[in-house]
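Nothing in this text is a laboratory measurement; each read-out follows from the coordinates by a stated rule. None of these values were measured; they are calculated from a predicted model. As a convention, Cβ positions derive from the backbone with ideal geometry for all residues, glycine included, and neighbour counts pool all protein chains shown.
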Amino acid sequence: MIGLKRGIVKLHKNNLRWVESFTIEKKKLSKIFGSDAATIQHVGSTAITTIFAKPIIDIGVIVASFNKAKQHIAALKEIGYIFKEENRTDRLFFAKGSESRRTHYLHVGEAGSGYIENMIIFRDYLKKHKDIAKEYERLKKKLADLYSKDRNIYTSKKEKFILNVIKKAKNNF
């Protein structure tokens with residue numbers, strides 16, 4: 001299954017279709033971004049095959065500048081990605097899918113900002129350290145039970161764990 005109602009937290013066992021979906025989207029995004037994208041990567045829990053996750057595919061793109069990336073907003077809309085303007089300076093964010101079934105989140109960060117780089121570091125650390133990945137899964141399940149109808153609280157309650165893992169990973173590299 002891919003997709004989840006906006007704002008809802010429901011975790012699923014990892015599904016091979018998630019990697020397939022990312023691969024399909026990466027091809028589309030590569031055509032749109034071209035050389036403006038330094039990398040396009042599957043990030044978030046759906047990229048970690050050993051843990052449960054919300055069935056929404058997170059994609060991280062690193063670009064040299066937001067100005068160039070913003071030139072692709074219309075083309076991204078044509079393939080279903082809607083730009084979500086936020087009061088944030090560290091990322092551009094796009095959602096794909098209807099309110100009743102969000103399927104993909106596209107996170108765009110500038111090279112060197114750390115935004116996408118930290119997502120990649122977190123993902124790679126959990127892939128390498130299965131015990132920490134399982135600890136993260138336990139936290140996610142607990143929070144999903146408590147905040148199944150409030151994704152904002154669910155997300156904010158994971159932040160301390162995520163930041164600690166990123167710090168630990170950076171100290172070990």
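The table below gives the values:
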quantity: Cα pair distances of the chain binned at 5 Å [whole percent]; calculated: 1, 8, 17, 22, 22, 17, 10, 3, 0
quantity: Value at 222 nm in deg cm²/dmol, rounded to 500, when DSSP H runs of n ≥ 4 in the chain each add -39,500 (n - 2.57); calculated: -15000 deg cm²/dmol
quantity: Cα-centre dipole for the chain with unit charges at Cβ (Lys and Arg positive, Asp and Glu negative), debye to 20; calculated: 560 debye
quantity: Mean Cβ count within 10 Å, highest first, over the residues of peptides 78-89, 44-55, 96-107, 13-24; calculated: 44-55, 96-107, 13-24, 78-89
quantity: Amide H contacts of Glu110 (H built 1.01 Å from N, under 5 Å, at least 5 apart or other chain); calculated: Val63
quantity: Packing-based ranking, highest mean first, of 120-130, 148-158 given that Cβ atoms within 10 Å are counted; calculated: 120-130, 148-158
quantity: Computed E for Thr155/Ser35 - FRET, C-beta separation, R0 35 angstrom, nearest 0.05; calculated: 0.60
quantity: Unit charges at the beta carbon, dipole of the chain: most positive-side option, Ala74, Ile2, Ser30; calculated: Ile2
quantity: Region 109-155 shape via C-alpha gyration tensor axes, a/c threshold 1.5; calculated: oblate
quantity: C-alpha long axis of helix 130-146 to longest principal axis of the chain, angle in °; calculated: 90 degrees
quantity: Interchain or long-range residues, amide H under 5 Å from Asp58's placed H; calculated: Val43, Thr46, Tyr105
quantity: For region 110-117, Karplus couplings with θ = phi - 60° (6.51, -1.76, 1.60), whole Hz, Gly/Pro x; calculated: 7, 4, x, 6, x, 4, 6, 4
quantity: For region 57-64, 3J(HN,Hα) per residue [Karplus equation, 6.51 cos²θ - 1.76 cosθ + 1.60, θ = phi - 60°, Hz, x = Gly/Pro]; calculated: 7, 8, 10, x, 10, 9, 10, 6
quantity: Principal-axis tilt of helix 16-33 within the chain, Cα atoms, nearest 10 degrees; calculated: 30 degrees
quantity: Tensor-based shape of region 18-58 (alpha-carbon gyration tensor, a/c under 1.5 rounded, otherwise prolate or oblate); calculated: prolate
quantity: Among beta bridges that DSSP assigns inside the chain, antiparallel share in %, nearest 5; calculated: 70 percent
quantity: Cross-link pairs beyond the 23 Å C-alpha cut-off, checked among Lys5/Lys130; Lys13/Lys70; Lys5/Lys158; Lys27/Lys96; Lys128/Lys170; Lys26/Lys157; calculated: Lys5/Lys130; Lys13/Lys70; Lys26/Lys157
quantity: Nearest-ten-degree value, helix 151-172 long axis tilted from longest Cα axis of the chain; calculated: 90 degrees
